[in-house]
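Colleague: This structure is in structure tokens; I'll ask about it shortly.
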Amino acid sequence: DAKTTQPNSMESNEEEPVHLPCNHSTISGTDYIHWYRQLPSQGPEYVIHGLTSNVNNRMASLAIAEDRKSSTLILHRATLRDAAVYYCILIRADSWGKLQFGAGTQVVVTP
Amino acid sequence: NAGVMQNPRHLVRRRGQEARLRCSPMKGHSHVYWYRQLPEEGLKFMVYLQKENIIDESGMPKERFSAEFPKEGPSILRIQQVVRGDSAAYFCASSRTGGTTDTQYFGPGTRLTVL
């Protein structure tokens, strides 16, 4: 399975955008890029996913590099509630969706 | 529409006892996944089940752990003869189709403490 690399932590001020990078240089053509986050003492929560094109939803945007070897999750205006561990996960198209969590990025939001 | 339900939320067991963790998936979801989060560690996949079938148990410890998802009722993760190393948060997730692009919805977890 292709691996992902994320920074251990990132800090942002409230109301500022947050750009969370994820490197996946060994991604295959059929791997989907998924993002989940885990707030303190809670179960993980789906954020967004994509294959090749950039994606937007009410929570965030996902920017995927043209060669798909990296992607960036964008939180447009960080709130205190966005403080969480964010996980970038690759899922093969022919799989049934097993999530393999790495260490993720701890996002700290400062008021 | 209620989310994924897990109970109990907290479970304390003494070494050697059995632990039963229950997971009720979201309405209309027939795919259930169990994950474990050991203290200060990441989430690890344990098992994937569809109704009455275990599809992938590659993350389950070989001994003492079992899972089921009967035709009626919740999915159960059972740990026999618990040891201190089983202390962890156990999360279940459900999805509608089990497909690559299908969202997994997680429950709040069961925090197991083994004394």
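Colleague: How many residues, within segment B:11-51, are within 15 Å of residue B:92 (Cβ to Cβ), small (Gly, Ala, Ser) and either assigned to a strand (DSSP E or B) or facing chain A (nearest Cβ under 10 Å) (or both)?
Modeller: The qualifying residues number 2.
Colleague: Let me ask something else. Considering only residues that are assigned to a strand (DSSP E or B) and away from every other protein chain (no Cβ under 14 Å), which ones fall in segment A:72-111?
Modeller: Residues of segment A:72-111 that are assigned to a strand (DSSP E or B), as a first pass: A:72-75, A:84-92, A:105-110.
Matches in segment A:72-111: A:72, A:73, A:74, A:75, A:107, A:108, A:109, A:110.
Colleague: Moving on. Out of segment B:1-10, which residues are open to solvent by 80 Å² or more (accessible area, probe 1.4 Å), in a loop (DSSP other than H, G, I, E, B) and closer than 18 Å to residue A:46 by Cα? Before you say what the answer is, go through the steps one by one.
Modeller: Just the residues of segment B:1-10 that are open to solvent by 80 Å² or more (accessible area, probe 1.4 Å), to begin with: B:1, B:5, B:9-10.
Checking which are in a loop (DSSP other than H, G, I, E, B) leaves us with B:1, B:9.
Residue satisfying the conditions is B:1 alone.
Colleague: In addition: Being assigned to a loop (DSSP other than H, G, I, E, B) and within 7 Å of chain A (Cβ to nearest Cβ) is the filter here; which residues of segment B:100-115 pass it?
Modeller: We begin by selecting, within segment B:100-115, every residue assigned to a loop (DSSP other than H, G, I, E, B); these are B:100-104, B:107-109, B:115.
Listed by number, the residues that qualify are B:100, B:101, B:102, B:103, B:104, B:107, B:108, B:109.
Colleague: A follow-up question, please. State the number of residues belonging to segment A:28-61 that are part of a loop (DSSP other than H, G, I, E, B) and either aliphatic (A, V, I, L, M) or under 13 Å from residue A:72 (Cα atoms) (or both).
Modeller: 7
Colleague: A follow-up question, please. Looking for something at pLDDT below 95, open to solvent by less than 20 Å² (accessible area, probe 1.4 Å) and assigned to a loop (DSSP other than H, G, I, E, B) - is there at least one such residue anywhere in segment B:78-99?
Modeller: yes
Colleague: Hey, another quick one. So is residue A:44 open to solvent by 60 Å² or more (accessible area, probe 1.4 Å), within 30 Å of residue B:23 (Cα to Cα), within 13 Å of another protein chain (Cβ to nearest Cβ) and of a type outside the set (A, V, I, L, M) or not?
Modeller: Taking the combined requirement at face value, the residue does not satisfy it.
Colleague: Being of a type in the set (Lys, Arg) and buried (at least 17 other Cβ atoms within 10 Å of the Cβ) is true for just one of A:58, A:68. Which residue is that?
Modeller: Numbers: A:58 fails: buried (at least 17 other Cβ atoms within 10 Å of the Cβ).
Being of a type in the set (Lys, Arg) and buried (at least 17 other Cβ atoms within 10 Å of the Cβ) holds for just one of A:58, A:68, which is A:68.
The values are calculated or read from the model by the stated rules, or taken from the named source; none is laboratory data. Keep in mind that this is a model prediction, so the values were computed, not measured. Glycine gets a Cβ as well: all are built from the backbone with ideal geometry, and neighbour counts include every protein chain shown. Areas reflect the complete protein model, heavy atoms only, side chains present, ligands, DNA and RNA absent. Shrake-Rupley method; radii C 1.70, N 1.55, O 1.52, S 1.80 Å.
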